[in-house]
1. Considering only the range 59-85, state which residues are in contact with a Phe, Trp or Tyr (Cβ under 7 Å, 6 or more places away or on another chain) and hydrophobic (A, V, I, L, M, F, W, C).
2. For the range 26-46, enumerate the residues that are open to solvent by 10 Å² or more (accessible area, probe 1.4 Å) and touching a residue at least 24 places away in the same chain (Cβ under 8 Å).
3. Mind counting the residues in the range 84-120 that are out of contact with any Pro (no Cβ under 9 Å at 6 or more places or on another chain), among the aliphatic types (A, V, I, L, M) and not in a helix (DSSP H, G or I)?
4. Go through the range 190-199 residue by residue and tally those that are of a type outside the set (S, T, N, Q) and open to solvent by less than 40 Å² (accessible area, probe 1.4 Å).
5. Take the range 56-69 and flag every residue that is surrounded by fewer than 17 Cβ atoms within 10 Å (Cβ to Cβ) and touching a residue at least 60 places away in the same chain (Cβ under 8 Å).
6. Just checking, how many residues over the range 91-134 are open to solvent by less than 20 Å² (accessible area, probe 1.4 Å), modelled with pLDDT under 90 and farther than 20 Å from L30 by Cα?
7. Taking the residues in the range 74-94 that are free of Cβ contacts under 8 Å to residues at least 40 places away in the same chain and among the hydrophobic types (A, V, I, L, M, F, W, C) as candidates, determine which candidate is farthest from L16 (Cα to Cα).
Amino acid sequence: MPLSTQSQGDDEQYVLVANLDNARNLSNILKAITFKDHAIFTATTNGLKVTVEDSKCLQANAFIQAEIFQEFTIREDLVAFQINLTVLLDCLNIFGGTTTPGVSTALRMCYKGYGYPLTLFLEEGGVVTVCKINTQEPEEPIDFEFCSTNVTNKVILQSESLKEAFSELDMTSEVLQITMSPSQPYFRLSTFGNAGNAHYDYSKDSDMMELFKCTETQTNRYKMSLLKPSTKALALSCKVSVRTDNRGFLSLQYLVRNDDGQICFVEYYCCPDEEVEEN
């Protein structure tokens with residue numbers, strides 16, 4: 001493959017080099033978090049984290065482990081930059097979005113450091129397209145302080161069952177209410193839309209429930225407008241972990257398999273809209 005045979009001397013000028021035999025393995029996971037134009041890319045020896053935020057109320061992170069890449073070289077402890085995610089996806093989709101069976105577009109991403117563009121080399125059938133996308137100094141991502149020691153309730157579901165729930169709930173509702181409890185209704189999703197109130201309940205013994213670990217009854221509401229972007233990740237995923245902490249903050253972690261069967265994670269954090277008092 002031409003991209004992998006570039007001279008090592010070329011690589012030494014870059015602080016980050018990442019190769020993928022199939023560009024879709026990056027573009028698909030980025031689509032799962034694309035709800036704002038700009039994203040923060042953070043690279044460490046563990047891999048790549050891409051963060052998108054909205055109004056200090058919602059944060060999405062896509063994690064692409066270093067092992068997913070055919071080559072992942074980083075010359076600093078931490079490499080971070082902000083980039084226009086819409087432009088990046090346009091480049092990947094236009095020049096690397098082939099849907100021809102058995103044909104994939106190879107991707108090589110290179111970054112020289114602060115002030116330099118992110119350079120994409122996309123190769124298909126011996127033809128190489130070069131895209132340079134301007135980068136900016138990254139803003140500090142919001143720390144939602146979502147800590148596993150403060151998690152009060154957690155369930156892991158098959159994604160299909162959550163897709164089914166979303167198809168049956170009334171999406172005209174301004175909020176999604178989530179009740180998690182060690183006793184009935186165990187795990188309940190509720191909406192309050194134009195068609196009236198709707199509830200979707202899961203038994204803790206449901207076949208769709210892989211893990212049920214609830215220590216206290218919690219009912220919280222989340223703005224539907226904030227949760228809707230996460231349905232992109234849901235559509236790609238096979239499992240989803242739903243967690244709430246002692247403040248009512250919500251973590252939705254999606255397990256996504258790429259075209260090659262490798263596992264990546266997408267996580268959404270959302271702050272509660274309002275506390276619901278129990279009667």
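The values are calculated or read from the model by the stated rules, or taken from the named source; none is laboratory data. In this text the structure is predicted, and so the values were computed from the model without any measurement. Cβ placement follows ideal geometry from the backbone for every residue including glycine, while neighbour counts extend to all protein chains displayed. Just the protein is used for accessible areas: all its heavy atoms, side chains included, with ligands, DNA and RNA removed. Shrake-Rupley method; radii C 1.70, N 1.55, O 1.52, S 1.80 Å.
1. A60, F63, A66, V79, A80, F81, I83
2. Of all residues in the range 26-46, those open to solvent by 10 Å² or more (accessible area, probe 1.4 Å) come to 28, 31, 34-38, 40, 42, 44-46.
Within the range 26-46, N28, K31, T34, F35, K36, D37, H38, I40, T42, T44, T45 meet the criteria.
3. Going through the range 84-120 one residue at a time, the tally reaches 5.
4. Total satisfying the criteria: 3.
5. The first filter runs over the range 56-69 and keeps only residues surrounded by fewer than 17 Cβ atoms within 10 Å (Cβ to Cβ), leaving 56, 65-67.
Scanning the range 56-69 gives K56, Q65, E67.
6. Looking only at that region, the number is 0.
7. Initially, the range 74-94 is screened for residues free of Cβ contacts under 8 Å to residues at least 40 places away in the same chain, giving 77-78, 90, 94.
If we keep only those that are among the hydrophobic types (A, V, I, L, M, F, W, C) as well, we get 78, 94.
Values: L78: 10, I94: 23 Å.
Here the residue is I94.
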